[in-house]
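*Asks:* There's a structure below that I have some questions on.
Quick note: the coordinates plus some simple rules give every number you see, no bench work behind them. Since the model is a prediction, treat every value here as computed from it, not as a measurement. We place every Cβ from the backbone using ideal geometry, glycine too, and count neighbours over all the protein chains shown.
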Amino acid sequence: MDEFLHQVLSGVASGGIYASVALALVMIFQATHHVNFAQGEMAMFSTFIALALIEAGVPYWGAFAITVLLSLILGAAIQRVLLTPMAGSPVLASVGVFIGLLLIFNSIAGWLFGYTLKPFPTPFEGPPVLGGFVTRHDLGSTAVTLAVLGGVYGFFRFTNLGLAMRAAAYNPVSSRLMGIRVGRMLALGWGLAAAIGAIAGMMVAPVVFLDPNMMSGVLLYAFAGALLGGISNPLGAVFGGFAIGVIENLAGAYLVGPELKLTLALAIIVAVLTVRPAGLFGRTVVSRV
Amino acid sequence: MRVLRFLAGLLFVAAAAGLAFAVSDYRLFQLTTVAVYAVAILGLALVTGFNGQISLGHGAFYAVGAYVTAILMAHYGVPYWATLPASAAICAALGFLIGLPALRLGGLYLALTTFALAVATPQLLKYHAFEGWTGGVQGLVLDKPDPPPGLPLPLNADQWLYLCTLGVSAVLFLLAANLVRGRIGLAMRAVRDHPLAAEATGIDVALLKTRTFAVSAMVTGVAGSMGAVAVGFVAPDSFTVMLSITLFVGLVVGGVASVAGPVFGGAFIAFLPNIAEDISKAAPGAVYGVVLIAFMFLLPSGVAGGLGRLLRRAARRPA
Amino acid sequence: MYRRTLLAAAGPLAATLGVLNRASPARAEAPGVTATEIKIGQTQAYSGPASAYGAIGRGLTAFFKRVNDGGGIAGRRINFISVDDGYMPPKAVEQTRRLVEQEGVSFLLNSLGTPSNSAVQKYLNQKKVPQLFVSSGADKWANPKEFPWTIGWQPSYRTEAQIYAKHILQNKPGGKLAVLYQNDDFGKDYVAGLRDVLGDRYDRMLAKAVSYEVTDPTIDSQIVTLQGSGADVLVTAATPKFSAQAIRKIYDLNWKPLHFLTNVSSSVAAVINPAGPERAVGIILGGYVKEVSDPAWENDPGMNEWRAFMKEYMPGADLADANYPFSYGVGGTTVQVLKQCDGDFSRENILKQATNLQTLQLPTLLPGITVSTSSTNYHPIRQLQMHRWNGTRWERFGNVIEGSGD
């Protein structure tokens, strides 16, 4: 029974990681109706920037703030330079651009920063709690994730800017007629997603350590979490992230063994999606002909 | 116009066959790879390009096709040609089954679910319960089929394999061209562009979608079979999620809703990595990414789309 | 690159002039060897999931540049052509065929990865092209009966696990064993090696063995399972990232098994420091290369030689990357083989000399560890020395241990 509880706790801890990245995916989806496959690599790149700042002597929270700001600018710049010209192109061409970005960020990071595994500091130091099954960092990063969740939720729910952004993604033409500057909204959406990704990266790195391939596994589970909870709903995506963490741990430990835990988790998602095609918390959008 | 297209295709295949006697064995191997990738992308084009169901997991069907052939050849001594129908049938069935839940999932969700399938593939391939068949992480090594005795032309194994691959590919391309230009192809595109209207005209959308998925999986599976023999080796590491992404890249570069597009896409994904590493050993991935993005900028509807536009413009201009 | 394209373009022309060509004075003495050049090929992962190992290819390229700057070997410069396979077996087949058929290399050197090398092993052996010093610790490269043209270099994972098993039997004969392994050929070779020595005791001693996938973000769940099994000996057959995670989690759980790591994870910079040096105290592993970030080698002449080389030929490279001293060792071994060839660079003789190395010492290998091969011994390095982490450095203890070899 003790071990079962420990598996659940450790699942929650990993789930927090997935949830934080899933939030960035929700952000970009809400703002652009695209899923950016390069989101994980961009977050990894931001984390390397943060590490460079910290190694240059900038205190942690200073580096944190600078990185978030830089990532926001970088994200917005990518949207303006690379995606604005693609506005009239087929959706699949944009996906091609995302895949290109993924390769570029991964390759450049390896070239600039090397492939050797690097430790990344956490601001939440201290001995682990609950018998070693939960670290201070787990608690701290979960708190950060929940804070970001609150921010994203509030932003889309209660601010005019958030509403405008959702409108711009949902129906660009009508939004433009309403006086919403769609181009700016898209750029801002990309920027915010990159900023949230950077926060996620800095919370993930102390746990899995920093290297150019840090995000490849995490992004996958984040996708799974976002799918399960519903990619149009930040609350759902965070719930989905935590759920995936717990499901894969329990499945790996007690059901199918670690070899197939990911496969089982994915099968569960497909099953859930078959019943609820927009995820547990997502709203099915009914489009009129 | 249709006859013209057919003739152009015939000419292309004849020229490609002629290459078997003009270039080195190594180049033939590369061209075999291009043909294999082209067929794999053709399968993807059927479901994603013509039917609008985005799949990021076609590497899974490619892997199944490859393993069916490898297992039949390595464990049961089945000749190469006889494994192709088997792998086609198994992949079609698998595609049909996977097409069922896909019916419920729209656009992005389908894309990510198929992506998940691609991720799970290598893990299933090395699962210990199947190890007796699949060879587990070590994979299976295959013999290259020898040309049958008594051919009018003396061929070496590479030439023979190239011509076989080319022949099968040409047949599959012809069938696909017929399919998409016919009644069913019209229905496929109608479902892609206007599902409700398509349904109103009496198309059984669900059946059409699952059948398209099955045909698509079958074509890509046959490509996997041919690829396994060309390489002479299958292992889980050959079928990672990168394979699915690569096929997808080939699709968008070649042109999504085009039968000729996959040929360009196949050449792109076969040759670009070599060019990228020639430019930079330090960061070949970055070069690959930059070239890919440049293609998307210049030819957002793919090489085939761009060429088509050019041809139409030329045709409109009086000579 | 331009030169190579030109050469490729000149190919058909040269073929038509084949007869003439054969009579010309600048003819090849042996495949890939002329009076002025020796062509060596390699497939390497410069892109894709294993691109961290690209450092080996870059290190060897720099190494041969130094050889050429020093006048080459027997008056011939080394033309080392290292090409990218993205860690994809199909690409490795294509690139290997390019090297052999298009570039006409003399032999393949230190190509990366078990899957990639498995894919081309049959082809190279049929063509009788030496596949030298394969960059993989799989045990299967030592199979001279079936694949005489293939030979590995580093101690095999299996040998290493056998040595660990013996250590366990000596020091904790009644221990309960837990194994964490990567679910691929690398991890499974360790399990096989433990079984080799423990035999039917393996099942009795084994409390739990669990695997992880390289795509797993963390292995916390596996560690929790292993701790729950009540084991007091743990063998972690993992790559640096997961070894570091294991060390940290075990410490956090206050579990204190006798903990073995693989020598793949011996890096202080990439494993011990990320996990925390104080958390790794007592960890044991078998090593053969001098660990770059270990302060014990600060004034070591061999490592000074290596550092001078890095400074001159690879300025700006990450000195903590263990792939560089590894590639330096492979380069040194290759130079020795070519010197032993004594001017006869036929593929047969290259293979003969590669399998005729007598206790070769190399600057980046531990004292007492040597490279030896023979026509029946295809395990060039089969010695290890046990290391224990004392909180600040690796402490070597016991004698250099010879693995069971073949």
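*Asks:* When the expected Rg is taken as 2.2 N^0.38 Å, what fraction or multiple of it is the alpha-carbon Rg of chain C?
*Replies:* With N residues counted in chain C, Rg over 2.2 N^0.38 Å equals 1.03.
*Asks:* Sticking with this one: Summing +1 for each Lys or Arg and -1 for each Asp or Glu, what net charge is found among the other residues whose Cβ lies under 15 Å from the Cβ of A:ASN160?
*Replies:* Every neighbour counted, the sum reads +4.
*Asks:* Same structure again: Through the Karplus equation 6.51 cos²θ - 1.76 cosθ + 1.60, θ set to phi - 60°, convert the phi angles of region C:345-350 into ³J(HN,Hα) values in whole Hz; use x for Gly and Pro.
*Replies:* Result, ordered by residue: 9, 5, 4, 4, 6, 4 Hz.
*Asks:* Ranking C:ILE81, B:ILE275, C:ILE38 by Cβ neighbours within 10 Å, fewest first, what do you get?
*Replies:* So the ranking, lowest neighbour count to highest, is B:ILE275, C:ILE81, C:ILE38.
*Asks:* Shifting gears a bit: Could you work out how far apart the two model spin labels at A:VAL275 and B:GLU131 are, taking each label as a point 7 Å from the Cα in the direction of the beta carbon, and quote it in nm?
*Replies:* Simple spin-label model gives 3.6 nm for this pair.
*Asks:* Once you have all Cα-Cα distances for chain A, histogram them in 5 Å bins from zero and send the whole-percent values.
*Replies:* Cα pair-distance distribution for chain A, in percent: 1, 6, 11, 16, 18, 18, 14, 9, 5, 2, 1, 0, 0.
*Asks:* Taking K and R as +1 and D and E as -1, what net charge do the other residues with C-beta under 14 Å from the C-beta of C:ARG347 add up to?
*Replies:* So the environment of C:ARG347 carries a net charge of +1.
*Asks:* Report the gain in length on full extension from C:LYS128 to C:LEU319: 0.36 nm times residue separation, minus Cα-Cα distance, nm rounded to one decimal.
*Replies:* Length difference between fully extended and current span is 65.1 nm.
*Asks:* Considering only A:GLN79, B:ILE269, B:GLY221, whose Cα is most displaced toward the positive end of the charge dipole of the protein assembly as shown, charges sitting on Cβ of Lys, Arg (+1) and Asp, Glu (-1)?
*Replies:* Working it through, the farthest residue towards the positive pole turns out to be A:GLN79.
*Asks:* What FRET efficiency do you get for C:LYS339 and B:ASP25 if R0 is 35 Å and r is their Cβ-Cβ distance, rounded to the nearest 0.05?
*Replies:* Computed FRET efficiency for C:LYS339 and B:ASP25 comes out at 0.55.
*Asks:* In addition: Can you divide the C-alpha Rg of region B:105-160 by 2.2 N^0.38 Å and report the result to two decimal places?
*Replies:* With N residues counted in region B:105-160, Rg over 2.2 N^0.38 Å equals 1.93.
*Asks:* Under a 5 Å amide H to amide H cut-off, with H placed in plane at 1.01 Å, what residues pair with C:LYS290 once short-range neighbours are removed?
*Replies:* C:LEU365, C:LEU366
*Asks:* Taking the Cα-to-Cβ direction at A:ALA267 and at B:ALA206 and moving 7 Å from each Cα, how far apart do the two end points lie in nm?
*Replies:* Going from the A:ALA267 label point to the B:ALA206 one covers 2.4 nm.
*Asks:* So, one more: Can you tell me the Rg and the Dmax, both Å, for the Cα atoms in the protein assembly as shown?
*Replies:* Spelled out, the Cα radius of gyration and Dmax of the protein assembly as shown are 28.5, 92 Å.
*Asks:* Please check chain C for the longest run free of GluC sites (Glu not before Pro) that are loop-located per DSSP (anything but H, G, I, E, B) and have at most 16 other Cβ atoms within 10 Å.
*Replies:* C:147-297
*Asks:* Sticking with this structure for a sec: Tell me which residues come under 5 Å, amide H to amide H, from C:ILE40 once H is placed; ignore anything under 5 positions away on its chain.
*Replies:* C:ASN79, C:PHE80, C:ILE81, C:SER106
*Asks:* Also, quick follow-up: Take the Cα radius of gyration of region C:32-118 and divide it by 2.2 N^0.38 Å, with N its residue count; two decimals is plenty.
*Replies:* Expressed relative to 2.2 N^0.38 Å, the Cα Rg reads 1.09.
*Asks:* What span do the alpha-carbon atoms of region A:1-82 cover on each of the three principal axes, reported in whole Å from largest to smallest?
*Replies:* For region A:1-82, the Cα extents along the three principal axes come out at 54, 39, 16 Å.
*Asks:* Right, next: What list do you get for A:TYR153, C:TYR328 if you sort them by fewest beta carbons within 10 Å?
*Replies:* Least crowded to most crowded, the residues run A:TYR153, C:TYR328.
*Asks:* Helix-only mean residue ellipticity at 222 nm, chain B, DSSP H runs n ≥ 4 weighted -39,500 (n - 2.57), per residue, nearest 500. What is it?
*Replies:* Calculated from helices alone, the mean residue ellipticity at 222 nm is -25000 deg cm²/dmol.
*Asks:* Please arrange C:ARG158, C:ARG382 by how many other C-beta atoms lie within 10 Å of their C-beta, fewest to most.
*Replies:* Going from sparsest to densest Cβ surroundings: C:ARG158, C:ARG382.
*Asks:* Among C:PRO115, C:PRO130, C:VAL83, pick out the residue whose Cα is farthest towards the positive end of the charge dipole of region C:75-142, where Lys and Arg carry +1 and Asp and Glu carry -1 on C-beta, about the Cα centre.
*Replies:* C:PRO130
*Asks:* Follow-up question, since we're still on this one. Which length gain, in nm to one decimal place, applies between B:LEU7 and B:ASN178 when the Cα-Cα distance is subtracted from 0.36 nm times their residue separation?
*Replies:* That pair, B:LEU7 and B:ASN178, stretches by 60.1 nm at full extension.
*Asks:* Turning to a different aspect of this structure: Rounded to a whole number of µm²/s, how large is the Stokes-Einstein D of region C:91-172 at 25 °C and 0.890 mPa s, given Rh as the Kirkwood radius over C-alpha pairs?
*Replies:* D, rounded to a whole number, is 180 µm²/s.
*Asks:* A further question follows. Simple spin-label model, 7 Å along Cα-to-Cβ: B:LEU186 to A:TYR254 in nm?
*Replies:* Calculated label separation equals 5.8 nm.
*Asks:* Let me ask something additional. Using a Förster distance of 35 Å, how high is the FRET efficiency between C:ARG204 and C:GLU146, based on the Cβ-Cβ distance and rounded to 0.05?
*Replies:* E between C:ARG204 and C:GLU146, to the nearest 0.05, is 0.55.
*Asks:* One quarter of the convex hull surface, Cα atoms only: what value does that give for region B:2-240 in nm²?
*Replies:* If you wrap the Cα atoms of region B:2-240 in a convex hull and average its projections, you get 13.9 nm².
*Asks:* For region B:202-319, list log₁₀ I(q)/I(0) at each q in 0.11, 0.21 Å⁻¹, using the Debye formula over Cα point scatterers of equal strength and ignoring solvent, two decimals each.
*Replies:* For the requested q values the scattering log ratios are -0.51, -1.24.
*Asks:* Per Stokes-Einstein, at 20 °C and 1.002 mPa s, what whole-number D in µm² s⁻¹ belongs to region A:20-148, with the Kirkwood radius over Cα pairs as the hydrodynamic radius?
*Replies:* 129
*Asks:* Right, another one. For region C:322-406, what is the convex hull volume of its Cα atoms per residue in Å³?
*Replies:* Convex hull volume per residue, Cα atoms: 102 Å³.
*Asks:* Also: With a Förster radius of 30 Å, plug the Cβ-Cβ distance of B:LEU196 and B:ILE279 into 1/(1 + (r/R0)^6) and report the FRET value to the nearest 0.05.
*Replies:* 0.05
*Asks:* If you don't mind, there's one more thing I want to ask. Under 17 Å from the 7 Å Cα→Cβ point of C:SER375, by amide nitrogen: which residues of region C:133-165?
*Replies:* C:143-151
*Asks:* Give the average, rounded to an integer, of partner chain Cβ atoms located within 10 angstrom of each Cβ in B:229-236.
*Replies:* Average per residue, whole number: 6.
*Asks:* On a C-alpha basis, how far is the centre of region B:132-201 from the centre of region A:127-188 in Å? Whole number, if you could?
*Replies:* Value for the Cα centre distance between the two parts: 46 Å.
*Asks:* Moving on to the next point. Whole angstrom only: what separates the Cα centroid of region A:68-124 from the Cα centroid of region B:36-67?
*Replies:* Measuring centre to centre over Cα atoms gives 27 Å.
*Asks:* Related question: Once amide H atoms are placed 1.01 Å from N in the peptide plane, what residues at a sequence separation of 5 or more from C:ASP84, or on another chain, have their amide H within under 5 Å of its amide H?
*Replies:* Under 5 Å from the amide H of C:ASP84: C:GLN44.
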